[in-house]
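Written below as structure tokens is the structure these notes are about.
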Amino acid sequence: MKDQLYLLRPGFMNAGLGPLYCGDSAPVEVHYLEFPRPRAPLVEALGEAHQGVPVLILAPDAQVKDGGISPRTTNGHRFLDDEGLIRRYLSTQYDQPLAG
């Protein structure tokens, strides 16, 4: 299993704003979700309390290279749900320039 990144499908509307998009890309499995909740794949993996996106669910065997990143854990999955930490993880994990 690879790291899994969940993003909203491009073109969604929120509170009359949009169309909006999550523009991140990385060498991981990307799953686009619709804006309305519940977001079944995330509820199944992380529980109802963790449906926010972006969220990166780490592969079970992923060794986090950046010692300053501490993934959260629930339902046996390690995950990051902070956009800045996700960018930092992807940059350091895959030897890419730090994303802004």
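No lab work stands behind these numbers, since they all come straight from the coordinates. These numbers come from a predicted model, not from an experiment. No Cβ is skipped: glycine too gets one built from the backbone with ideal geometry, and neighbour counts run over all protein chains shown.
For F35 and A62, calculate 0.36 nm times their separation in residues minus their Cα-Cα distance, and state this gained length in nm to one decimal. Please list the in-between numbers first.
Numbers: separation 27, 0.36 × 27 = 9.72 nm, distance 2.83 nm.
Contour length minus the Cα-Cα distance gives 6.9 nm.
Per residue of the stretch 58-68, in order, report the coupling 6.51 cos²θ - 1.76 cosθ + 1.60 (Karplus, θ = phi - 60°) as ³J(HN,Hα) in whole Hz, putting x for Gly and Pro.
Result, rounded to whole Hz: 6, 4, x, 9, 5, 9, 5, 6, 8, x, x.
Mind listing the long-range amide H neighbours of L33? Cut-off is under 5 Å, sequence gap 5 or more, other chains count too, H placed in the peptide plane at 1.01 Å from N.
So L33 has HN proximity to L7, L8, R9.
First measure r as the distance between the Cβ atoms of D82 and E44, then evaluate 1/(1 + (r/R0)^6) with R0 = 30 Å and state the FRET efficiency to the nearest 0.05. All intermediate terms of the calculation are to be shown ahead of the outcome.
Working: r = 21 Å, r/R0 = 0.71.
My answer for the efficiency is 0.90.
Read phi for every residue in the stretch 84-91 and hand back ³J(HN,Hα) as whole Hz from Karplus 6.51 cos²θ - 1.76 cosθ + 1.60, θ = phi - 60°, with x for Gly and Pro.
Per residue, the Karplus-derived 3J(HN,Hα) values read x, 5, 4, 4, 4, 4, 4, 5 Hz.
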